[in-house]
Amino acid sequence: LPPAPRPPAAGMSVVEHVREMAAAGLHSNVRLLSGLLLTMSGNNPELFSPSQKYQLLVYHADSLFHDKEYRNAVSKYTMALQQKKALSKTSKVRPSTGNAASTPQSQCLPSEIEVKYKMAECYTMLKQDKDAIAILDGIPSRQRTPKINMMLANLYKKAGQERSSVTSYKEVLRQCPLALDAILGLLSLSVKGAEVASMTINVIQSIPNLDWLSVWIKAYAFVHTGDNTRAINTICSLEKKSLLRDNVDLLGSLADLYFRAGDNKNSILKFEQAQMLDPYLIKGMDVYGYLLAREGRLEDVENLGCRLFNISDQHAEPWVVSGCHSFYSKRYSRALYLGAKAIQLNSNSVQALLLKGAALRNMGRVQEAIIHFREAIRLAPCRLDCYEGLIECYLASNSIREAMVMANNVYKTLGANAQTLTLLATVCLEDPVTQEKAKTLLDKALTQRPDYIKAVVKKAELLSREQKYEDGIALLRNALANQSDCVLHRILGDFLVAVNEYQEAMDQYSIALSLDPNDQKSLEGMQKMEKEESPTDATQEEDVDDMEGSGEEGDLEGSDSEAAQWADQEQWFGMQ
């Protein structure tokens, strides 16, 4: 049987009762009693000693913090620190007599450093990062605990103070050499993998079964330098080790790396594997939802969103997944709201910024979209999709020069791989002068990765302009030999129509629609062929078109009213 709870001592003061309840986690009880006692103290200042007032203020603030009333908690913590200051002055003026009664009291006073940490936590919850940094900066370096240094490091990083951030992360590792998130923080700030590994080498050598840690550091060093291929290979070698097999974090990292490398098929596979191992997984599910939405699997996206909301609505991921569903259902105003809500919950969510940026771009608010894509690039400088979003904005506003400068920078920074070559070629295709350069770049990209869908699509676009349909058909058949993709099947259908292969074109449109029933262009291609095959029914078809047209207008009206509905939520729309 568990031991019976200790009854309160007969001689305990009321403040000690409050402390006992706080230690027992009875926050609502602490809030009520401490609130009443503080009122009594206000009406009769002699009722409690300065140290007792300090304790009551801290315990009351802690209970407010627990109730998520952060602004009120900050106010009470500030009063507590002022009380502590006054207490320190009086103790200097009247030094302790050394009696035994004063010693326990001073020992059980809440830590002033802990109070400042709690204040910083409140400020971060209130999105007042400057105030959080200021309060933690005021703590002398020698008195900073690992959690204070960790919070400071994260705040400095967010504020762009990289040198201070590196110093704080290193201090965390000095105190706790197995703080893996601090290791990731250093690697993300371009600290060399070898230097980071040297800080943990003593622990690795002294503890059995930790030999994998140096390989883990090496893998994430590759991740943060944008070397996706070597990162994938290193994590795969870790994941194959029997002791680390089926680790959800490693599988999630692999899925994300495959996504960054443009290998969506393997990315989805790894996300599904991770999800099966941990049905409550949230991290990375925003990327997974985006990939499913891109493939036209909107029902799966909707189910994923519902499942994630049941797990937690306080994370960005469920809102992003739901936003992807809205975006690919062409409900851009709703996607915008959901993206903004996700940013409010996590201002570092790259996927939320990309969703909101894409929604703004499609609504014609290109300059606002550019701000969001730039912020995404700042947070994830190695993610190509952030640059793709920004370049699409430049092209949408006919800023071809800016797009070309950005594409060239990406090509130089991230290296000449199939993705960067295709991105540069995409911009070159927009300018008649650089058509030949685009062709050369796409050929290089397809030599590296013949199955890279974006490169195949752009090369097909170029061949279509040149009316080289037979070459285009050969290219698309080759690309579809080992994979099935809605866009590739649809473009192959278009090319087959151009060479009068109507039956096979119809088959390709059917396959495209089976992969993505919402693909409007495949539907249009099929309807156009049906019209040409049965000219006698042309009048009836026109009637159907009129009906469909009126239906589309209805949808547009719906989206306008939806825009008005979400306009009331304007506070979500600004950058948080």
Problem set entry | Packing-based order for 497-506, 184-193, using average beta carbon neighbours within 10 Å, highest first | 184-193, 497-506
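Rounded to the nearest percent, how much of the accessible area of the range 467-531 (1.4 Å probe, protein heavy atoms only) is carbon and sulfur?
That share works out to 46 percent.
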Exercise. For the Cα atoms of the chain, what angle does the longest principal axis make with the long axis of helix 146-158, in degrees from 0 to 90, nearest 10?
Worked result: 40 degrees
Exercise. Expressed as a whole percentage, what fraction of the accessible surface of the range 206-278 belongs to carbon and sulfur atoms when a 1.4 Å probe is rolled over the protein heavy atoms?
Worked result: 52 percent
Exercise. Helix 298-311 versus the longest principal axis of the chain: what is the Cα-based angle in degrees, 0 to 90, to the nearest 10?
Worked result: 0 degrees
Exercise. Net charge near residue 383, counting Lys/Arg +1 and Asp/Glu -1 over other residues with Cβ under 14 Å of its Cβ?
Worked result: -3
Exercise. Looking at the range 121-185, which trypsin sites (Lys or Arg not before Pro) are DSSP coil and have at most 13 other C-beta atoms within 10 Å of their C-beta?
Worked result: 127
Exercise. Say the cut-off is 21 Å between C-alpha atoms; which of 265/330; 85/118; 439/468; 53/147 go over it?
Worked result: 265/330; 53/147
Exercise. In this model, which of 68/116; 127/341; 283/341; 130/157; 170/241 are farther than 21 Å apart at the alpha-carbon?
Worked result: 170/241
For this session: Considering only protein heavy atoms, with the full assembly of protein chains and a 1.4 angstrom probe, order 393, 306 by accessible area, largest first.
Result: 306, 393
Exercise. Ranked from highest to lowest mean number of other Cβ atoms within 10 Å per residue, what is the order of the peptides 451-459, 476-484?
Worked result: 451-459, 476-484
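As a test of reading the structure, rank 66, 325 by solvent-accessible area (1.4 Å probe, protein chains only), most first.
Per-residue accessible area, sorted high to low, gives 66, 325.
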Exercise. What does the charge count near residue 353 come to, summing +1 for each Lys or Arg and -1 for each Asp or Glu among other residues with Cβ under 15 Å from its Cβ?
Worked result: +1
Exercise. Quick one: ranking 426, 200 by accessible area, 1.4 Å probe, largest first, what do you get?
Worked result: 426, 200
Exercise. What is the range 282-378's relative contact order, in percent, from Cα pairs under 8 angstrom and six or more apart in sequence?
Worked result: 22 percent
Exercise. Can you give the Rg to Rh ratio of the chain, both from alpha-carbon atoms, with Rh computed by the Kirkwood formula?
Worked result: 1.08
For this session: Would you tally the net charge around residue 476, using a Cβ to Cβ cut-off of less than 13 Å, leaving residue 476 out, and scoring K and R as +1, D and E as -1?
Result: -3
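Would you work out the relative contact order for the chain, in percent, from Cα pairs under 8 angstrom that are 6 or more residues apart? Walk me through the numbers on the way to the answer.
On the way: 660 pairs, mean separation 33.3, N = 576.
About 6 percent, as a whole number.
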Exercise. Counting only the heavy atoms of the protein chains, how much of residue 434 is accessible to a 1.4 Å probe, in Å² to the nearest 10?
Worked result: 30 Å²
Exercise. What accessible area per residue, rounded to a whole number of Å², is obtained for the chain using a probe radius of 1.4 Å?
Worked result: 52 Å²
Exercise. Tell me, what % of the accessible area of the range 285-409 is carbon and sulfur with a 1.4 angstrom probe?
Worked result: 46 percent
For this session: Can you grab the distance from the C-alpha centre of the range 421-470 to the C-alpha centre of the range 264-329, Å, no decimals?
Result: 31 Å
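The values are calculated or read from the model by the stated rules, or taken from the named source; none is laboratory data. Just so it is clear, the model here is predicted, and its values are computed rather than measured. Neighbour counts are summed over all protein chains in view; Cβ atoms, including those assigned to glycine, are modelled from backbone coordinates with ideal geometry. Ligands, DNA and RNA are excluded from the accessible area calculation, which covers all protein heavy atoms including side chains. Shrake-Rupley method; radii C 1.70, N 1.55, O 1.52, S 1.80 Å.
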